[in-house]
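Nothing in this text is a laboratory measurement; each read-out follows from the coordinates by a stated rule. What you are looking at is a predicted structure, and each value in this text was computed from that prediction instead of being measured. Here Cβ is always computed from backbone atoms with ideal geometry, including for glycine, and neighbour counts include all displayed protein chains.
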Amino acid sequence: MNNSSIKPPTITLTSGPVTIYPRVQEALSRPVPYIYDPFFQDFYQKVCFKAGTALREDGPALILHCEPAVALEAAAASLIGPTDLVLNLVSGVYGKGFGYWAKRYCKELFELEVGYNQAISAKQVADALEANPEITIVTAVHHDTPSGTINPVKEIGRVVAQHGALFLVDAVSSFAGMDIHPKDCNADIFITGPGKCLGGSPGLSILSISDHAWAHMDHNETVPRSSILSILDWRYAWKKENMFPFTPSVSEVVALGAALDQYLDEGPEVVWQRHELTARACRAGIKAMGLNLWPECEEIASPTTTAVTIPKNLTTEQIHTSARQRYGVTLSAGRGETYDRLVRIGHMGPVAEPIYAVVAVTALGEAVRQHNICVDIGVGIEAVVAEISRSV
Ligand SMILES: *Cc1c(COP(=O)(O)O)cnc(C)c1O
């Protein structure tokens, strides 16, 4: 047996899974209720409505008992049928990945792809829809996390609605960290999860589905049933008198209830504001100490993740190892295309607090300095502090 013990990190500044709130931690330690005990049936219904409230919907949200990546595949399988023409918007690794699922189910796939340090404009989407008026579904990632960039889905959603297509939005790493809800972007399917900005446990997905999308799924002749990829199976699971298609992830549901309470009690606007300030302060510090932000301009930089370009001749491995060994700070890497090109500092959930911008600048600054890249950490920290004090 290997006896060497790796110490857990001191501070986790990742872009998911993230550090969870204490009340989520407490919820995870509660007993596991039986799913058909009235206690859990009632609790489940309440959590679905609470998630609906957080999404600013009148009715319940739909919970799937899997990671959001599985929910995205389920949405592709359930919504997209053999008569659909899909326009997939790609500004990063998640957008690209969704296209592989979409292609499996649709008649024809169109892709609008930009550089992974750029955002897609509503105008580009309008032009693509004009060029291919038969398109029935548009799919987008709001915050393509491995790029640290935000697409303007509110504006894009208006263009898609005007065209009369359905709009599917991956808001996994933006919802609850900034002002975005299904209705804001005319989303027909809006997918998020507890393991990012909600500061919850990462094993569930939360979906909002429009009447139009339900009707489309009902008419999809290849829609999956009795399957992990079925959304229809779970349509009425929120009703306490109904059976579940299979055993839900009970403890994760209890934890989701706590994460939603945390979010709603603190107040969404307050939560978004500290995400935004932390990211802004972090960007100021990164630039001031002499490193470069990955997004092509700051207007599209995410308030929940700061992507920093890796200096020439350095690797992710070198930076992560230094930050972790010297300070116990865990950062996220790029993914796929962006791997070894950027490192990511997450500002999600409980670490979306401005003081963690000081931590990030210090750990990242020292990590690159250890590899002979000249940065001025002191100047970086002064810039963080200046940004924070400007806002109080
Ligand atoms: C985290 C995340 C998901 C979920 O996918 P995993 O890779 O399984 O964590 C989906 N979409 C986006 C944009 C995400 O950030």
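Answer with yes or no whether Leu13 is surrounded by 15 or more Cβ atoms within 10 Å (Cβ to Cβ) and touching a His at 6+ places or on another chain (Cβ under 6 Å). Please lay out each step first, then the result.
Values: surrounded by 15 or more Cβ atoms within 10 Å (Cβ to Cβ): yes; touching a His at 6+ places or on another chain (Cβ under 6 Å): no.
Criteria not met by Leu13.
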Revision key, fill the gap. When restricted to Ser173, Ser201, the only residue touching a residue at least 60 places away in the same chain (Cβ under 8 Å), of a type in the set (S, T, N, Q), under 23 Å from Pro303 (Cβ atoms) and more than 12 Å from the ligand (Cβ to nearest atom) is Ser201
**Study point:** Residues (surrounded by fewer than 24 Cβ atoms within 10 Å (Cβ to Cβ) and under 29 Å from Ala259 (Cβ atoms)) located in segment 309-330
**Key:** His320, Arg324, Tyr327, Gly328, Thr330
Point to revise | Given (1) small (Gly, Ala, Ser); (2) part of a helix (DSSP H, G or I); (3) within 14 Å of the ligand (Cβ to nearest atom), number of the condition Ala102 does not satisfy | key: (3)
Point to revise | Residues located in segment 124-156, provided they are away from the ligand (no atom under 16 Å from the Cβ), under 24 Å from the mean Cα position of the chain (by Cα) and surrounded by fewer than 24 Cβ atoms within 10 Å (Cβ to Cβ) | key: Gln124, Lys154, Glu155
Review point. Taking segment 187-234 as the region of interest, how many residues are closer than 14 Å to Gly81 by Cβ, of a type in the set (A, V, I, L, M, F, W, C) and part of a helix (DSSP H, G or I)?
Key: 5
Review point. Do we find that Glu337 is under 25 Å from the mean Cα position of the chain (by Cα) and part of a loop (DSSP other than H, G, I, E, B) in this structure?
Key: no
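Which of the residues that make up segment 157-170 are more than 14 Å from the ligand (Cβ to nearest atom) and out of contact with any His (no Cβ under 8 Å at 6 or more places or on another chain)?
Of everything in segment 157-170, those that are more than 14 Å from the ligand (Cβ to nearest atom) and out of contact with any His (no Cβ under 8 Å at 6 or more places or on another chain) turn out to be Gly157, Arg158, Val159, Val160, Ala161, Gln162, His163, Gly164, Ala165, Phe167.
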